Amino acid sequence: MTTSALDPPFREPSHGEPPAIGLVRLAHGAGLALPSYETAGAAGMDLRAAVPADAPLVLAVNARVAVPTGFVFAIPSGYEGQVRPRSGLALNHGVTCLNTPGTVDSDYRGEVKVILVNLGEAPFTIERGARIAQMVIAPVTRAVVEECESTDATARGADGFGSTGVR
Ligand SMILES: O=c1ccn([C@H]2C[C@H](O)[C@@H](COP(=O)(O)OP(=O)(O)OP(=O)(O)O)O2)c(=O)[nH]1
Ligand SMILES: [Mg+2]
């Protein structure tokens, strides 16, 4: 990450301690840089492709693939990891995350993967170490659900799916 005097230091909204995430590097992640915040105020840490250096992954037009990141993330209870596209890949190449935002649960102990789809017009080559997506760590609220006989009344009622028009 590059920093400069122009950049205010990142502060937690609560000004408390940031959540600590343990990363376990898998064998095929050897030598890869850790996921990293690329600017002082970046919301997401970029995830890198742990594909073989001698066998870049070619994503055909309209194809999708789960790209390995080479790491297991241990996200603390009360948080989730949101796997989101990078806007540059989306705008310049039509490459995005199919399930955006992907959800990485705090109890998941498998390898984090990035489900990419190529909606562009040309095959897209993913080299080892390429920054293919970003993960935002977010607090989670879990609701209590209960079955009810009826709901309270609202002005909208059951109107939806464009009921308010476009303009
Ligand atoms: O982009 C993603 C989305 C998910 N996952 C991993 C972490 C997550 O905790 C797990 C399950 O994801 P999700 O709940 O979205 O998928 P599911 O189809 O509901 O699978 P499951 O039945 O295992 O929950 O898969 C990723 O590595 N990348
Ligand atoms: Mg699930």
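The values are calculated or read from the model by the stated rules, or taken from the named source; none is laboratory data. Since this is a predicted model, take the numbers as computed values, not measurements. Using ideal geometry, Cβ is built from the backbone for each residue, glycine included, and neighbour counts are taken over all protein chains shown. Protein only, heavy atoms only, side chains kept; ligands, DNA and RNA dropped before computing areas. Shrake-Rupley method; radii C 1.70, N 1.55, O 1.52, S 1.80 Å.
For the reader, a short list of remarks on this structure follows.
- Residue list for region 40-59, given a label point 7 angstrom along the Cα-to-Cβ vector of residue 125 and an amide N cut-off under 20 Å: 48-59
- Expressed as a whole percent, the accessible area of the chain that falls on carbon and sulfur atoms is 54 (1.4 Å probe).
- Where labels lie 7 Å past Cα in the beta-carbon direction, separation of residue 53 and residue 30 in nm: 1.1 nm
- Rolling a 1.4 angstrom probe over the protein heavy atoms with all chains in place gives region 32-167 an accessible area of 62 Å² per residue.
- Theoretical FRET efficiency, 1/(1+(r/R0)^6), r = Cβ-Cβ of residue 105 and residue 136, R0 22 Å, to 0.05: 0.95
- Separation of the residue 6 and residue 150 label points, Cα + 7 Å toward Cβ, nm: 6.0 nm
- For the listed peptides 58-71, 18-31, a ranking on the average number of other beta carbons within 10 Å per residue, highest first, reads 58-71, 18-31.
- Considering only 13, 93, 114, and ranking their Cα positions along the charge dipole of the chain that arises from unit charges at the beta-carbon of Lys, Arg, Asp and Glu, the one farthest toward the positive end is 93.
- Region 14-47-region 102-167 distance, computed between alpha-carbon centres (Å): 21 Å
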